[in-house]
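The block underneath contains the structure these notes are about, expressed in structure tokens.
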Amino acid sequence: MTPALALTLAGLSLIDSTSFGTLLIPIWLLLAPGRLPPGRIAAYLATVAVFYFCAGVLLTLGADAVLTTARAAAAAVPPFTLKAGQLALGIAIIALSYWLEARARRREGAPGKVQRWRAKTMSGSGGAGALMSLALLAALLEVATMLPYLAAVGLIANADLGWQFTGATLAGYCLVMTLPAIVLAIARLTARQMVESLLQQVNDWLTRNAARVMGWTVGGLGIAVALNAVASLLLEG
């Protein structure tokens, strides 16, 4: 592996470390009241890291085959039909974003059911399986939109590192992805008074805006998909 590739992968992994599933949800979990069981946050972060490692392995092994199949399938569909379908998908995603934001408005001022679930689960009275399920759900929702991660997997696949070094590189990448959350967890355990104020500010913002931000993010994705389809249709027309 060249130094340039190593630096590029490190930069991409640090960008990925700031995503909703790798940083914002862990911060929210770290703000659960009471003593923080290290095993609970470790279970969440380990699940995220293992998911992305396994996804990276599958993508690396099957990247060429998947791309070839996808291109062949797309070539069999008339271009107008393909772009019309893309436009319909974009509109559907935009509609979903409005539904998400409307749901957020309806839930404003409602009792903190999610906060109670967090307190129960992080205190040790709830099952760790719920945290692992949350980690898997967050990773599944994000993996297709994490462009730095997908770019990194492509770079690793094209570097011809050998399967052992490829696996080690993917493992290191996933570790760096979770590193900021690990550092914050250690700080929460060892210096709670120093970091709790900062974490609380982030948590307050997330509590007020997380659902809306999800709606805006989904809406932005839908707009991008729809505009790309419209531009292609106009150019081809």
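Can you name the residue in region 35-50 that is more than 23 Å from LEU150 (Cβ to Cβ) and surrounded by 14 or more Cβ atoms within 10 Å (Cβ to Cβ) and is also modelled with the lowest pLDDT among such residues? Filtering first and then ranking leaves LEU36. Summed over region 138-186, the residues that are among the polar types (S, T, N, Q), within 15 Å of VAL50 (Cα to Cα) and under 14 Å from the mean Cα position of the chain (by Cα) give a count of 1. Tallying residues that are over 21 Å from ALA168 (Cα atoms) and touching a Cys at 6+ places or on another chain (Cβ under 7 Å) within region 30-65 yields 0.
Among all residues of region 18-34, there is at least one that is within 24 Å of THR166 (Cα to Cα), modelled with pLDDT under 85 and not in a helix (DSSP H, G or I).
Hey, does region 71-79 have a residue that's within 29 Å of ALA152 (Cα to Cα) and modelled with pLDDT of 80 or more? No, region 71-79 has no match at all. Taking region 167-194 as the range and being surrounded by 16 or more Cβ atoms within 10 Å (Cβ to Cβ), farther than 19 Å from GLY11 by Cβ and not small (Gly, Ala, Ser) as the test, the residues that pass are LEU184, ARG188. Among the residues of region 1-17, the one identified as at pLDDT 85 or above and outside any helix (DSSP H, G or I) is SER17.
The values are calculated or read from the model by the stated rules, or taken from the named source; none is laboratory data. No experiment lies behind these values; they were computed from the predicted model shown. All Cβ positions, even for glycine, are placed from backbone atoms using ideal geometry, and neighbour counts span all protein chains on display.
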